[in-house]
Structure formats: structure tokens, C-alpha cells
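Contents: one structure, followed by commentary.
The values are calculated or read from the model by the stated rules, or taken from the named source; none is laboratory data. Remember, it's a predicted structure, so these values are computed and weren't measured experimentally. A quick note on method: Cβ atoms are made from the backbone with ideal geometry, for glycine too, and the neighbour counts reach across all protein chains shown. Heads up: the accessible areas ignore ligands, DNA and RNA and are worked out on the full protein's heavy atoms, side chains in. Shrake-Rupley method; radii C 1.70, N 1.55, O 1.52, S 1.80 Å.
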Amino acid sequence: MAIYRQVHLSIWQDKWFSELESSEKLLWVYLLTNPKTTQSGVYEFSTKYAVFETGLSRKEVEDALQSFIKAERVLYDQETEEIMIVNWLRYNSARSPKVAAVIDKEIESIKSSEFKLKVITTAQHYEYPIRAKAENLDMVSEPKDIVSVPYGYTTDTISQPEQNQNHNQNHNQQQNQNEAEAPVAAADITKRVYDLYQQTIGVLNPVIMTEIADWIKDMTPEVVEESLKRTAANGGQWTYARGILRNWDKKNIRTMEQVDADDTAHRNAIERNKGSFGKPKRVEARPDWMDPNYQPPKEEVTPEMEAQLAANQAKLAALRQKNTAEEAGL
């Protein structure tokens, strides 16, 4: 039995979850993390144990569970006393062959044939490598009630026509679906990056999960995925990917188009610096005077410089005259 379960950080931004009462939030987290949970998302549920382990009253547990069923977040099989977390396989990756093997084993132990079929079809939808096939199931001729829960307390306060109840229920479900669509889509993208990390680099811990989520917000999921792919290609760890992302961040690179442009510029720079043997050329500074068209700079002559030049010329003339006289005397 696993000793932990993953709960995605995006749960706190989910509109449906944020509008739950405190007791409902507690029970929902309990349903995701209690010791009975499985890799398939189907397990036997006991109201008595839920009351004992959460500290909630029996009525609070049953009220909350009934609201989850109405919101189509869970299903309950009254006959087998099994509960199914509807989106469990969506948010808990089973692409690993080892995890898929566990799901195959759990499918055999699921009592509800409807739940068994839903697990298989959902796993196949997400392309999980399970061996079980839906066509191999011996389905019952009449489906059992899997949308209700044994309820010890009445919830009706005012009798309403059934048509209006159905209309209001459908309207509320559609509204909840529309409101949750955006955060769910964002959660799917983040989960995709998490899955890539676990497939290419290794075990994903909560600290790295938070960092990855922050980088996705600052850049784009595709850019973060590209950093992970390059890290895996070089046998690096998260610190290597973080270095790539920081380098792109310094260059204000935010999209894959900018990444491609930066790669192209880098390759062009390398090509320009290559010599005939494929090695970077050594570039030496050439003095100006080696240029065939070199012209020496003209110096500005000041009056002081002209006077000094005249004095030097006079001294030189006197010296030449003295030397001539001495040679004549000899």
C-alpha cells in the first residue's frame, strides 16, 4: 500500500472546491488521501470510518458525499459499497508500466461491474498501458444505482415539481462545468509538464512542483518542457533545467519562437568564428600602420612649438658653423 497520495496544488484555485463548506473540503481531501484509496480511484467506503477519522458528524459526511455525487465528482455503488473518484485517473498519471500493472490487479478486485468498465475505458482514453479490455467484461443486464448513497436524513424542505428540479440541476451542473473549465485546462497543462519531468528526469517532489508551476506562469508550458528535454538529453537534473530557464529569463525569452531564434543566433555566431578546419578562428588585432591606406595623424603646431623649433634650428646652425671654423683652422 502506498504511504502517500498526490493532491495537485491547483485544487485551491478550483472554483467548485473553493465554494465548498469547511466540512465538505475536509471530506473531499479525506476521499483523496485516506488509507483505502487505490491507484484506480475505486475503493470500499465506510461512513463509520469517515466519521471517526475526520471528526465530522455522520450527517455532515452524508450531506457532503451527497453533494459530491450531485456535482458528479464521485459515484457510489450502494450494493457493493464502493466509491469511485470520477477524475482520479485524469490527475494521477498511470503511464508507468509498474503503475499500470497495479491498476490491472485492482480492476480484478473491483466488485461493481460499472466501475470496472469506467476504470478500463478511462485508462484507455488516457493511453495508460493496462492489459484489461472492456470487451472482456461480463456486464450485468441492468445497471445498478451508482449515483446515490444510503442517506439517513431527509434533505427535502419544500416539495418541488420534478421537472423544475431536473431543470435546475442541469443548469447548475452546466454552470459549474463552464466555471471550472479554465482552471481544469490549466491544471491539465501543468500535469503534462509534471508527467514529462517524471518520465525524463526522476521523482517529482513538492518543492520542484512549485518551482515548475512558477516557471510555467512566467514563461509558457512549452518553454519549460523544452528545458526538461534538453536537461534529459544531457543527463542533468532539475538544477540544470533551472539554469536553462534562468538564462532564457535574462534574455527575456518567453516563447518557443524566441527560443528557436536564440538557438539560430547562437549557431550563426559559432559558424562565423570557425576556421577552415572547423575550429574557432583566433582573431588578432592589426596595427593601423599595416593598412595600405594608412595616413599618420596630423599634429597641431602651436606658437610655442614653433618658437622652440626655431631655437633648436638656430643652435644647430651655430654648432655647424663652429665645426666648420675648427676644421678650417686645422
Could you tell me whether any residue of segment 147-159 is open to solvent by less than 40 Å² (accessible area, probe 1.4 Å), of a type in the set (Val, Ile, Thr), over 29 Å from Ser67 (Cβ atoms) and modelled with pLDDT under 90?
no
Are there any pairs, at least 6 apart or on different chains, whose C-beta atoms fall under 8 Å, with the first in segment 109-127 and under 13 Å from Ser93 (Cβ atoms) and among the β-branched types (Val, Ile, Thr) and the second assigned to a helix (DSSP H, G or I) and open to solvent by 20 Å² or more (accessible area, probe 1.4 Å), and if so, which?
Thr122/Arg90
Top-ranked residue in segment 71-109 [being within 30 Å of Glu19 (Cβ to Cβ) and of a type in the set (Ser, Thr, Tyr); ranked as farthest from the chain's Cα centre (by Cα)]
Tyr76
Single match in Asp262, Asp214 (criterion: part of a helix (DSSP H, G or I), at pLDDT below 90 and either under 30 Å from Arg90 (Cα atoms) or open to solvent by less than 60 Å² (accessible area, probe 1.4 Å) (or both))
Asp214
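Scanning segment 174-208 for residues that are of a type in the set (A, V, I, L, M), modelled with pLDDT of 85 or more and in a helix (DSSP H, G or I), which turns out least open to solvent (accessible area, probe 1.4 Å)?
Per the criteria, the residue is Val193.
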Restricting to segment 236-251, name every residue that is open to solvent by 60 Å² or more (accessible area, probe 1.4 Å) and either in contact with a Ser or Thr (Cβ under 9 Å, 6 or more places away or on another chain) or of a type in the set (Val, Ile, Thr) (or both).
Gln237, Thr239, Tyr240
Against the condition open to solvent by 30 Å² or more (accessible area, probe 1.4 Å), over 21 Å from Ser10 (Cβ atoms) and assigned to a helix (DSSP H, G or I), how does Arg254 come out, does it pass?
no
Selection from segment 116-135 of residues surrounded by 19 or more Cβ atoms within 10 Å (Cβ to Cβ) and charged (D, E, K, R) yields Lys116, Lys118
Wholly enclosed helices (runs of 4 or more DSSP H) of segment 1-111 bearing at least 2 residues among the basic types (Lys, Arg) and surrounded by fewer than 18 Cβ atoms within 10 Å (Cβ to Cβ):
58-70, 97-109
Kindly indicate whether Arg230 is open to solvent by less than 60 Å² (accessible area, probe 1.4 Å) and in a helix (DSSP H, G or I).
no
